[in-house]
Amino acid sequence: MTQDVIALTPAMPDAHTMLAGLYAGGPDLRVGSSGGGAVVHLHTHDGQWVATVEVPLLLQVEGEVRRLLGTGAGAEAPVWWTEVRATAAVSEAGRLAGSMAGRLTSLLGGSTWPAEAAHTDVVVLPSNEDGASDPYPLGVDVLTRRAAVVLQDRPVIAATTWLTDLLQTSISTGRELQIVTPFTSRLTLPTRTLLTNVPARWVVHDTEGGYYDGLSGAVLHWHEGRFAPATTPEGHTPIADAFQADPSTTGEQQLHLSIRTTHPATDGLLLGGALEAAWQTLTGAPPAGWATAEPVNLPWSPRQLTELARTRAQKGAPTWLIAVGSTDRPAMATCRIVHTPAGIEEHITLASGHTTGQPPLLDALPELAETLASRHNLASMLAHLRPARADLTTPPHHEPPPVPLSFTLGPDAIRAMGRTHAEAMHQPRPTRLGPAARPALYYALGDGTDPTAWRHLQRLNQHLTGERT
């Protein structure tokens, strides 16, 4: 299993400090780099990959350390996050990672995660007996023709730069990325979003020694070079008992918004306004920070994210980013920005977490829809509610499905399909929002508790996308 150790220091590790960490394995290790120098990797003299050290990251967003590592991490923003990842294929590599992180904190102060991993001893690594170099990409524990398998033993599996890069590499080679974790691990919202949109699987190792899919509950077994659903003689795939365990989230809910905006591609365009307006409505404050991977390290800045999106668009590439909120009002979002013939599109998934003491503001949804339609070029917005953890993580057990609340159609979409057609819906009957000349249409689907709202949404979708006279 890949072993991760993180050094959390109040000062940035400079070149001399990093060198002291790299010498934890003695002078015989070879040093290389990738990602334009963003990742340093260590190899034995015979080519075996041992560990990688990612470029130190300054976390300026309060709560990120606690969100990803738990309350016992012992550090808070601003703090420098230096992640060391060691392979389990080489004995003592895990201790090497602990020594590298421990040397950083001994020189700069701070703490390590896990705390018990830190030390400053020189770690002598055994040589590769067969003399063969490691054929796997950095961080992959098992590589087959059909899958790249990584083993992660962390409380929260985040969409780190390493994980997102590995995901892209796996896709480009036609492999499925499979993340194997213990049953105590959970996924962040960005990680779940990534895994549900690409060929990937969350493999959970249960207490009985078996494996199951952490999102569907399907029992898995190793078959033809990958974890695949097991089948009974009757051809059915059983659901793991561990997946069907009763959740401990009584009264907790998540409000999800799927927002799509389309902006004219002008020089003065400033992105992020729709996300900020929705965040303000749901939590009473703007986002706290943003980044292109977890942990989220930058203070919220629509100007900076717009500059990034513009730079990437000039190279023909989309932009994917993550936003987080304050610690007292859990909220998180992913946003994909892409240049299309229609303009600059933002595809936003925003979730806010709620307890019985902080219920979701469902009555504010029509007002939010009107704001987005009149000020932020809303194309569409779908809102739904689900019983789930208020901290917005996904556990490896069953959670009830979401229930639709409302759907909003923006002015340009209405004009494209015809206003008469868009309004000719009787159940649910739309409500006009905004200026009479360019209204948005708000379709109320339910209160978030009645599953028949799915039928209303299906009927609405069939009406809006069907042939028009």
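Coordinate-derived values only; no laboratory data. All of these numbers come straight from a predicted model, not from anything done at the bench. Cβ atoms come from the backbone with ideal geometry, glycine included; neighbour counts cover every protein chain shown.
Quick notes
- Estimated from the Cβ-Cβ distance and a Förster radius of 41 angstrom, the FRET efficiency linking Val55 and Thr250 is about 0.45.
- Stretched out straight at 0.36 nm per residue, the stretch from Arg336 to Glu76 would grow longer than its current Cα-Cα span by 90.7 nm.
- Footprinting exposure proxy for Met12, Met100 (fewest neighbouring C-beta atoms within 10 Å first): Met12, Met100
- Gain upon complete extension [His236, Ser91; 0.36 nm per residue less C-alpha separation]: 48.1 nm
- Positive-pole candidate from Tyr212, His236, Val180, dipole of the range 140-245, charges at beta carbon: Val180
- The residues packed around Ala73, meaning those with a beta-carbon under 15 Å from its beta-carbon, carry a net charge of -4 if Lys and Arg are +1 and Asp and Glu are -1.
- Electrostatic dipole magnitude of the chain [Cβ: Lys, Arg +1; Asp, Glu -1; Cα centre; debye, to 20]: 1660
- Calculated FRET efficiency for the pair Asp328/Ser172, C-beta based, R₀ 51 Å, to 0.05: 0.80
- Histogrammed with a bin width of 5 Å, the alpha carbon distances of the range 1-128 distribute as 2, 12, 22, 25, 19, 12, 5, 2, 0 percent, first bin at zero.
- Convex hull per residue volume in Å³, alpha carbons only, for the chain: 172
- The residue list Gly251, Ser374, Ala11 was ranked by how far each Cα lies along the charge dipole of the chain toward its positive end, using unit charges on Cβ atoms, and Ser374 comes out on top.
- Cut-off 17 Å (backbone N to label point 7 Å along Cα→Cβ of Gln314), residues of the range 264-284: 265-271
- Filtered trypsin sites (Lys or Arg not before Pro), the range 269-360: DSSP coil and at most 16 other beta carbons within 10 Å: Lys315
- Over the range 33-105, volume per residue of the alpha carbon convex hull, in Å³: 110
- Radius ratio Rg over Rh of the range 175-264, counting only Cα atoms, Kirkwood formula for Rh: 1.05
- FRET E, pair Arg432, Glu367, Förster distance 22 Å, beta-carbon r, rounded to 0.05: 0.95
- Furthest towards positive pole of dipole, Pro451, Pro286, Pro330, structure part the range 253-465, Cβ charges: Pro451
- Normalised convex hull volume, the range 355-469, alpha-carbon set, Å³ per residue: 125
- For the peptides 365-372, 394-401, residues were scored by their other Cβ atoms within 10 Å and the scores averaged per peptide; the highest-first order is 365-372, 394-401.
- If the segment from Asp450 to Glu399 were pulled out straight at 0.36 nm per residue, it would be longer than the present Cα-Cα gap by 16.8 nm.
- Charge dipole of the range 140-245 (Cα centre as origin; +1 on each Lys and Arg Cβ, -1 on each Asp and Glu Cβ, all else neutral): 340 debye, rounded to the nearest 20.
- Taking Val90, Val122, Val5 and counting other C-beta atoms within 10 Å, the order from fewest to most: Val122, Val90, Val5
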